[in-house]
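Okay, so here's the structure we're looking at.
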Amino acid sequence: AQSVTQLGSHVSVSEGALVLLRCNYSSSVPPYLFWYVQYPNQGLQLLLKYTTGATLVKGINGFEAEFKKSETSFHLTKPSAHMSDAAEYFCAVSDPTGKLIFGQGTTLQVKP
Amino acid sequence: NAGVTQTPKFQVLKTGQSMTLQCAQDMNHNSMYWYRQDPGMGLRLIYYSASEGTTDKGEVPNGYNVSRLNKREFSLRLESAAPSQTSVYFCASRGGTENTEAFFGQGTRLTVV
């Protein structure tokens with residue numbers, strides 16, 4: 001069965017610093033992978049997704065993620081954090097039966 | 001363009017009461033989902049519907065029932081609410097293929113006392 005593990009429930013960075021949020025997946029078939037962001041008291045919105053093709057995927061708000069099959073990873077990065085990036089971030093994998101399975105989430109804190 | 005609409009936004013129930021959470025989407029999506037979100041647990045799938053007329057259990061289905069009323073609507077019912085069902089519930093929909101993104105409602109915050 002597909003699953004995702006997000007390493008680190010809380011990540012704190014200074015404004016302007018690199019953001020790195022880690023996601024590892026388990027899948028018996030080539031995976032479809034997603035990163036979502038949730039701002040306080042809101043639903044989730046898509047940041048980016050990997051389906052096939054280019055392994056470096058660019059998303060909204062300057063975020064990108066690299067699919068590494070050898071490491072079963074799909075880490076999310078942003079070169080320079082902004083205060084508005086403070087939110088909860090979720091990695092997800094799509095199951096061939098139609099399920100969308102989420103990780104535990106990582107809360108990003110951005111310090112001035 | 002409303003997207004995914006959930007009602008109600010907030011609800012307080014007493015233990016043992018029943019209620020139905022409503023969800024509707026206007027994007028002509030085949031698949032719909034119900035998740036619950038609890039601190040430190042991420043989003044856990046309760047039930048999903050891959051297409052109109054079909055429903056399947058997710059990770060945490062106990063204590064819940066669902067109805068895919070038509071292509072637009074997917075409701076979640078708590079027959080006898082328990083404090084352990086205090087959570088934020090999200091409905092989502094997507095086009096139906098594995099590589100498509102899901103669109104989420106704004107959530108229902110449910111408290112069972």
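The values are calculated or read from the model by the stated rules, or taken from the named source; none is laboratory data. Remember, predicted model here, so these are calculated numbers, not experimental data. With ideal geometry, Cβ positions are generated from the backbone for all residues, glycine too; neighbour counts draw on all protein chains shown.
Computed values, structure above
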{"quantity": "Among residues of the range A:85-112, those that are within 20 Å of residue A:43 (Cα to Cα) and within 11 Å of chain B (Cβ to nearest Cβ), counted", "calculated": "16"}
{"quantity": "Top-ranked residue in the range B:17-42 [being modelled with pLDDT under 95 and within 8 Å of chain A (Cβ to nearest Cβ); ranked as farthest from residue B:93 (Cα to Cα)]", "calculated": "B:40"}
{"quantity": "Residues satisfying the stated conditions in the range B:43-55, i.e. part of a loop (DSSP other than H, G, I, E, B) and more than 9 Å from every other protein chain (Cβ to nearest Cβ)", "calculated": "B:52, B:53, B:54, B:55"}
{"quantity": "Qualifying positions in the range B:56-113 - away from every other protein chain (no Cβ under 14 Å) and assigned to a loop (DSSP other than H, G, I, E, B)", "calculated": "B:62, B:63, B:69, B:70, B:71, B:72, B:79, B:80, B:81, B:82, B:86, B:113"}
{"quantity": "Selection count where residues are loosely packed, with under 13 Cβ neighbours inside 10 Å and either closer than 14 Å to residue B:76 by Cα or among the acidic types (Asp, Glu) (or both), scope the range B:10-21", "calculated": "1"}
{"quantity": "Residue that is nearest to residue A:65 (Cα to Cα) [pool: residues in the range A:1-42 that are out of contact with any Ser or Thr (no Cβ under 9 Å at 6 or more places or on another chain) and crowded, with 20+ Cβ neighbours inside 10 Å]", "calculated": "A:35"}
{"quantity": "Test: residue in the range A:29-50 that is among the small types (Gly, Ala, Ser) and farther than 25 Å from residue B:38 by Cβ", "calculated": "no"}
{"quantity": "Lone unmet requirement of (1) at pLDDT 95 or above; (2) under 29 Å from residue B:30 (Cβ atoms); (3) not hydrophobic (A, V, I, L, M, F, W, C) for residue A:12", "calculated": "(2)"}
{"quantity": "Condition met for residue A:82 (buried (at least 17 other Cβ atoms within 10 Å of the Cβ), at negative phi and more than 14 Å from chain B (Cβ to nearest Cβ))", "calculated": "no"}
{"quantity": "Considering residues of the range B:1-46 that are of a type in the set (D, E, K, R) and touching a residue at least 60 places away in the same chain (Cβ under 8 Å) only, the residue farthest from residue A:105 (Cα to Cα)", "calculated": "B:14"}
